[in-house]
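Asks: Here's a structure for you.
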Amino acid sequence: MTAQHADFSAVVLVSGGGSNLQALIDAAATPALPMKIAAVISDRPDAGGLARARKAGIDALTLQKTDYPQPDQFDAALSAMLDLYLPDIVILAGFMRILTASLVHRYAGRIVNIHPSLLPKFPGLHTHQRALDAGEREHGCTVHFVTEELDGGPRIVQGRVPVRPGDSAEQLAARVLEIEHKLYPYAVRLIASGRLVCKRGEPWLDGQRLREPLQI
Ligand code: GRF
């Protein structure tokens, strides 16, 4: 069981290995991130993120897409599951589904995602290969609030890495993932501390509208 702090609570949604989840679990075990991860939910029963959650003593739940073939059925079940925990924030950490408008509206301003590109460049999949194909000299990741537009919500913070000559997509992905693990706890900490809020679809930091994403 990992010690976690504070009243601010999160539910994390994962589909894969959950290395970003692990970074959040580790941060929430320190006073630096005053947040309790109440549950981890996956659309895949074999997601590595579920095992990480169990190891940390966090409720680990699965919603199988075969049981809810339509997106609105899946999201209704997900919504009901979230209501069991009433989280202050829903954190998408490699969750490979697009949420329906109704779920996004229900948690408007309280869902965040991490995307492996410098948005608005390369929304969607295969971002590392696309960055290489485009000849980018720099690549990175973005934490943003989730709206109905895929990878299009207000950006909070970005982290950058160089693209090196001869990089493969895998090498570039590994370099980006390393900074994702710093970026996500940093962004979530801003929200958990109340410094960063999303009001009327805009991010505000310390009472000032955040016109451009922070860079770390
Ligand atoms: C990360 O690259 C994240 O940016 C993307 O999916 C990947 C998830 O990796 N959304 P992990 O499961 O956190 O290791």
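No lab work stands behind these numbers, since they all come straight from the coordinates. This one's a predicted model, so the numbers in the text were calculated from it and none came from an experiment. Because the Cβ atoms are built from the backbone with ideal geometry, glycine has one as well, and the counts that use them run over all protein chains shown.
Asks: With the structure loaded, tell me whether Ala173 is part of a loop (DSSP other than H, G, I, E, B), more than 14 Å from the chain's Cα centre (by Cα) and among the aliphatic types (A, V, I, L, M) or whether it fails that test. Spell out the reasoning first.
Replies: Working: part of a loop (DSSP other than H, G, I, E, B): no; more than 14 Å from the chain's Cα centre (by Cα): yes; among the aliphatic types (A, V, I, L, M): yes.
When the stated conditions are applied, Ala173 does not pass them.
Asks: Considering the range 108-129 alone, what residues qualify as being more than 10 Å from the ligand (Cβ to nearest atom), assigned to a loop (DSSP other than H, G, I, E, B) and at negative phi? Outline the logic, then answer.
Replies: Filtering the range 108-129 down to residues more than 10 Å from the ligand (Cβ to nearest atom) leaves 108-112, 118-124, 126, 129.
After this cut, where a residue has to be assigned to a loop (DSSP other than H, G, I, E, B) as well, the list is 108-110, 118-124, 126.
If the condition is that a residue be more than 10 Å from the ligand (Cβ to nearest atom), assigned to a loop (DSSP other than H, G, I, E, B) and at negative phi, then Ala108, Arg110, Leu118, Leu119, Pro120, Lys121, Pro123 are the ones that fit.
Asks: Select, from Pro185, Pro116, the only residue that is crowded, with 16+ Cβ neighbours inside 10 Å, farther than 18 Å from Val11 by Cα and in contact (Cβ under 8 Å) with a residue 40 or more places away in the chain. Break it down into steps so the answer makes sense when it comes.
Replies: Values: Pro185 fails: farther than 18 Å from Val11 by Cα.
It is Pro116.
Asks: So, of the residues in the range 65-107 that are in a loop (DSSP other than H, G, I, E, B), away from the ligand (no atom under 16 Å from the Cβ) and in contact (Cβ under 8 Å) with a residue 60 or more places away in the chain, which turns out to be surrounded by the most Cβ atoms within 10 Å (Cβ to Cβ)? Spell out the reasoning first.
Replies: Step one: list which residues in the range 65-107 are in a loop (DSSP other than H, G, I, E, B), which gives 65-70, 86-88, 93-100, 107.
Within this subset, residues satisfying the condition of being away from the ligand (no atom under 16 Å from the Cβ) are 65-70, 86-88, 100, 107.
Right, trim to in contact (Cβ under 8 Å) with a residue 60 or more places away in the chain and you get 86-88.
On the way: Leu86: 9, Pro87: 22, Asp88: 18.
Among those that are in a loop (DSSP other than H, G, I, E, B), away from the ligand (no atom under 16 Å from the Cβ) and in contact (Cβ under 8 Å) with a residue 60 or more places away in the chain, it is Pro87.
Asks: Then there's this: Pairs, please: C-beta under 7 Å, at least 6 apart or cross-chain, first residue farther than 14 Å from Lys182 by Cβ and part of a helix (DSSP H, G or I) and in the range 15-30, second within 11 Å of the ligand (Cβ to nearest atom) and among the small types (Gly, Ala, Ser)?
Replies: From residues that are farther than 14 Å from Lys182 by Cβ and part of a helix (DSSP H, G or I), the pairs are Leu21/Gly49; Leu21/Ala93.
Asks: Also, I was wondering about something else. Criterion first (in a helix (DSSP H, G or I) and under 18 Å from the mean Cα position of the chain (by Cα)) does Arg160 satisfy it? Quick ask: steps written out before the conclusion?
Replies: Numbers: in a helix (DSSP H, G or I): no; under 18 Å from the mean Cα position of the chain (by Cα): yes.
Considered against the rule, which asks whether it is in a helix (DSSP H, G or I) and under 18 Å from the mean Cα position of the chain (by Cα), Arg160 comes out as no.
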